[in-house]
Amino acid sequence: MIIVKTVHQLRKALKEARFNKRKIGFVPTMGYLHEGHLSLVRACKRGCDVCVVSIFVNQKQFGPREDYDRYPRDIRRDATMLVKENVDILFIPSNIEIYPNGYLTYVDVENLDSVLCGKYRPGHFKGVVTVVAKLLNMVQPDVIYLGQKDAQQVVVLSKMVADLNFPVRLRVCPIIREKNGLAKSSRNVFLTPQERSQAPILFQALVQAKRSIQNGEESVSKIISFIKKKITRFSVGKIQYVACVNANTLQPLKVLEGRVLIAISVFFGKVRLIDNVIIPIKKKKS
Ligand code: AMP
């Protein structure tokens, strides 16, 4: 595995692959890797000739009172994991490499960034979209791999790629979970033992909601209140939101139809956990 720290080194490392028309796959991450990230890396290895992973904790997507400073970091451990996966290139740029002094340019996906998580994290998606746009220009991959864990991020980035004509295909990989259902996340290390034992309630509530929709439940408000009650009753989690939206447009649903995304965000102490399920609903025959 080649480790590169600058855009110049990255382009040099990719020059031959590009010249030989090799298929380049890219997995952007913020590091402190877990099986969720590795599932993206493995999909990239299966689907492409060259696998590039980036690790960059992007300050611009953290709010002033969010956890940028204490976000977990361990580059050595991450690099060892990526060597085992036979990753070709690891890109670990510095802040100044990504945002040189005097940096002024941002990419904003309107509307989609002000719902769900965006409503509570102003500026977050602007930061995400800007850094991914920059990373795409740096790596110029054929395929970018993203996790369904961050459902809104997938929708926002798909729109950015389409609207700005980025010549890249987007592959979305399923959510990887602990055995108890808790979605893997770099932030799970901050959960206390009690919070960690209660956090799987998020997934359990989503699974039960999904089942009840599949069994014929049609009311959006009943589904939302069921999930809220379940989480409040069985955990110390403080709900930020529970939402039922169209999975493609992220617009709130009045009627359960089409590709339904149920997305939730819950605080366990200072740790904000997100999770989601997608439920395709067939149109009823009239
Ligand atoms: P992050 O390091 O949190 O920015 O995540 C980097 C990528 O890994 C994003 O595309 C995430 O959606 C994806 N990812 C994070 N956790 C998981 C998970 N549990 N399952 C699948 N993908 C994940």
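The requirement of being under 20 Å from ILE278 (Cβ atoms), open to solvent by 40 Å² or more (accessible area, probe 1.4 Å), hydrophobic (A, V, I, L, M, F, W, C) and in contact with a Gly (Cβ under 9 Å, 6 or more places away or on another chain) is satisfied by PHE203. Note on segment 152-187: residues that are farther than 15 Å from LEU40 by Cβ and either among the hydrophobic types (A, V, I, L, M, F, W, C) or open to solvent by 60 Å² or more (accessible area, probe 1.4 Å) (or both) total 14. When residues in segment 239-255 are screened for being at pLDDT 95 or above, of a type outside the set (S, T, N, Q) and assigned to a loop (DSSP other than H, G, I, E, B), 3 of them pass.
In segment 64-77 there is no residue that is surrounded by 19 or more Cβ atoms within 10 Å (Cβ to Cβ), within 16 Å of the ligand (Cβ to nearest atom) and of a type outside the set (Asp, Glu).
Is one or more of the residues making up segment 129-137 within 15 Å of the ligand (Cβ to nearest atom), at negative phi and surrounded by fewer than 15 Cβ atoms within 10 Å (Cβ to Cβ)? No; the residues of segment 129-137 include none that is within 15 Å of the ligand (Cβ to nearest atom), at negative phi and surrounded by fewer than 15 Cβ atoms within 10 Å (Cβ to Cβ).
The C-beta contact set for segment 158-180 (first residue among the charged types (D, E, K, R), second residue within 12 Å of the ligand (Cβ to nearest atom), distance under 6 angstrom, 6+ apart or interchain) comprises ARG171/TYR145; ARG177/ALA183. In segment 188-200, which residues are touching a Leu at 6+ places or on another chain (Cβ under 6 Å) and open to solvent by 80 Å² or more (accessible area, probe 1.4 Å)? Scanning segment 188-200 gives no hits. The conditions of being basic (Lys, Arg), outside the structural domain of VAL154 (by TED's automatic domain parsing) and closer than 30 Å to VAL143 by Cα are not met by LYS210.
The values are calculated or read from the model by the stated rules, or taken from the named source; none is laboratory data. These numbers were taken from a predicted model, which means no experiment stands behind them. All Cβ positions, even for glycine, are placed from backbone atoms using ideal geometry, and neighbour counts span all protein chains on display. With ligands, DNA and RNA removed, areas are computed over all heavy atoms of the protein, side chains included. Shrake-Rupley method; radii C 1.70, N 1.55, O 1.52, S 1.80 Å.
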